[in-house]
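Notes for the one structure printed next.
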Amino acid sequence: VEFLVRAALSAFYGQCRVVLSPSTAADASLAGLGVAPERIKRWDRGVGLERFGPGRYAPNVLPGAFNVLYVGRLSSEKGVDLLAEAFLTARDRDPRLHLVLAGRGPEEDALRQRLGDAATFLGWVEGDELPRVYASADLFMFASTTDTFGQVILEAQASGLPVLAVDAGGPADLIEDGRSGCLVPAQPGALADALRGLARREA
């Protein structure tokens, strides 16, 4: 099945004079399908700063002493198992940590059982509530290794949040490690250590 899908994609992209790609990781995937580098162009995206910003902060919107936010689909390909394992490991050492998940998906029930009262599930968040949730959190955490871009990272950065993500896919292009976020290997221990370290920094 994979061979047939790749052949179909290769044939499709082979008919295109230009293929717009959102990240270096997507460039590599396209090259693997036989798309010539000169036909691959960057497709940049952004965030409306009139909508997302630190000024959207509101007290008492989120329940924890230190709120770690995830926004996105609650599914395996988004790395939610890795996120949950890393978060619980960090919380064992720092009980102030509270995970807030905005989104729905097939892993929601399993995550609810696994995380218990260490997490709050907001469901789908839309409209003015979404930028308010971003700005009211303390840190944004993203554990997907398959995202070709990562729009939620831009939204978190625009909201003034420190961003912790795995060093893979699109997020690696959006984060300058140590300056506009923190990139770590896709390992529970590395994510947990980084989360605890960031949570301890008053700045």
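Please report the orientation-averaged projected area of the stretch 52-115, defined via the convex hull of its C-alpha atoms, in nm².
5.0 nm²
Of the accessible area of the stretch 5-81, with the probe set at 1.4 angstrom, what percent is carbon plus sulfur?
56 percent
Any chance you could tell me what percent of the C-alpha pair distances in the stretch 1-64 go past 14 Å?
67 percent
How much accessible area per residue does the chain have, counting only protein heavy atoms and a probe of 1.4 Å, in square angstrom?
52 Å²
For the chain, with a Gaussian network of springs between Cα atoms less than 10 Å apart, report the residue from A58, A156, A119 with the top mean-square fluctuation.
Maximum among the listed residues: A58.
Given the Cα-Cα distance of R200 and A11 and 0.36 nm per residue of separation, how much length would full extension add, in nm?
62.9 nm is the gain from fully extending R200 to A11.
When every alpha-carbon pair in the chain is counted, what percent end up more than 24 Å apart?
That fraction is 44 percent.
Got a number for carbon plus sulfur as a percent of the stretch 89-203's accessible area, 1.4 Å probe?
The C+S portion of the solvent-accessible surface of the stretch 89-203 is 42 percent.
The values are calculated or read from the model by the stated rules, or taken from the named source; none is laboratory data. Given the structure is predicted, the values throughout are model-derived calculations rather than measurements. For accessibility, only protein heavy atoms count, side chains too; no ligands or nucleic acids. Shrake-Rupley method; radii C 1.70, N 1.55, O 1.52, S 1.80 Å.
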